[in-house]
Amino acid sequence: MTQALFRLACGAAAAALALWLWPMPALRAAEQAVVLPAPALDPPPPAGLQTAVLAGGCFWGVQGVFQHTAGVVSAVSGYAGGSASTANYTAVTTGTSGHAEAVKVTYDPQRISYGRLLQIFFSVVHDPTELDRQGPDVGPQYRSAIFTTSEAQQAVAKAYIAQLTAAKAYDKPIVTTVASLPGFFVAEDYHQNYLTLHPRQPYIVFNDLPKIANLKELFAENYLDKPTLVSRDQMAH
């Protein structure tokens with residue numbers, strides 16, 4: 001992989017942000033955290049490890065947040081919503097592949113529930129009222145989406161969106177889509193663990209490190225100071 005590709009940012013704004021000097025104060029994130037109620041519907045935990053697939057903008061930040069979440073066994077960046085033939089960064093960045101940048105979260109339901117993951121997703125990870133974009137990143141590949149792996153997950157996700165809508169948790173309508181997972185494709189190695197490996201990259205400093213700080217503040221009982229990084233074996237699967 002070339003150095004140029006390794007430095008690719010998730011949006012056009014990264015090029016401008018790269019002109020900023022380090023250190024720089026991370027005063028605001030592109031998506032601000034929102035204090036939300038826990039899901040009213042959150043069934044008893046099933047046996048064994050479970051998987052959640054969530055899309056909320058550039059997968060660098062989404063992965064980073066869940067890698068700092070206790071109970072998460074792994075968080076892998078990848079693509080969901082399109083076909084295997086277009087599951088690569090070059091195709092996905094065109095916005096025509098059908099894919100969203102997504103993260104597959106494998107978690108222990110005895111330690112954290114699916115509902116709690118969704119609460120973090122809607123509160124800290126992204127702004128669910130932005131249509132086909134997140135912050136500086138524009139296009140359907142940055143859409144807000146929940147890809148469910150069971151009927152139970154779909155019920156919890158839809159009920160939570162309805163709950164947040166009824167509570168008027170946001171000033172604008174929630175545009176997050178909920179659909180069964182058609183397939184998940186692991187992203188290129190250089191996208192994995194990106195937030196941890198590049199903490200001084202201006203895009204990460206401005207857009208994503210504040211999300212980690214918000215996770216620590218709003219979900220202190222679920223926060224891990226040391227991230228659970230993706231292993232090479234997990235990247236291959």
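The values are calculated or read from the model by the stated rules, or taken from the named source; none is laboratory data. Here the structure is a predicted model, which is why all the values come from computation and not from measurement. Don't worry about glycine lacking a Cβ; one is built from the backbone with ideal geometry, like all the others, and counts go over all protein chains shown. Keep in mind that these areas ignore ligands, DNA and RNA; they rest on the heavy atoms of the full protein, side chains included. Shrake-Rupley method; radii C 1.70, N 1.55, O 1.52, S 1.80 Å.
Considering Cα pairs under 8 angstrom that are at least six residues apart, work out the relative contact order of region 125-237 and quote it in whole percent.
Rounded, it is 23 percent for region 125-237.
Arranged from highest to lowest average of other beta-carbon atoms within 10 Å per residue, in what order do the peptides 41-51, 172-182 appear?
Highest-to-lowest ranking by the protection proxy: 172-182, 41-51.
Express the accessible area of region 63-202 per residue in Å², computed with a 1.4 Å probe while the remaining protein chains stay in the model.
On the way: 5070 Å² over 140 residues.
That works out to 36 Å² per residue.
Hey, any idea what % of region 93-237's accessible area is carbon plus sulfur with a 1.4 Å probe?
Working: 3370 of 6340 Å².
Percent of accessible area from carbon and sulfur atoms in region 93-237: 53.
Structure shown: which of Lys168/Lys226; Lys172/Lys211; Lys104/Lys226; Lys104/Lys211 lie over 26 Å apart, alpha-carbon to alpha-carbon?
Checking Cα-Cα distances, Lys168/Lys226 exceed 26 Å.
Which value does Rg/Rh take for region 22-129 over its C-alpha atoms, Rh per Kirkwood?
1.00
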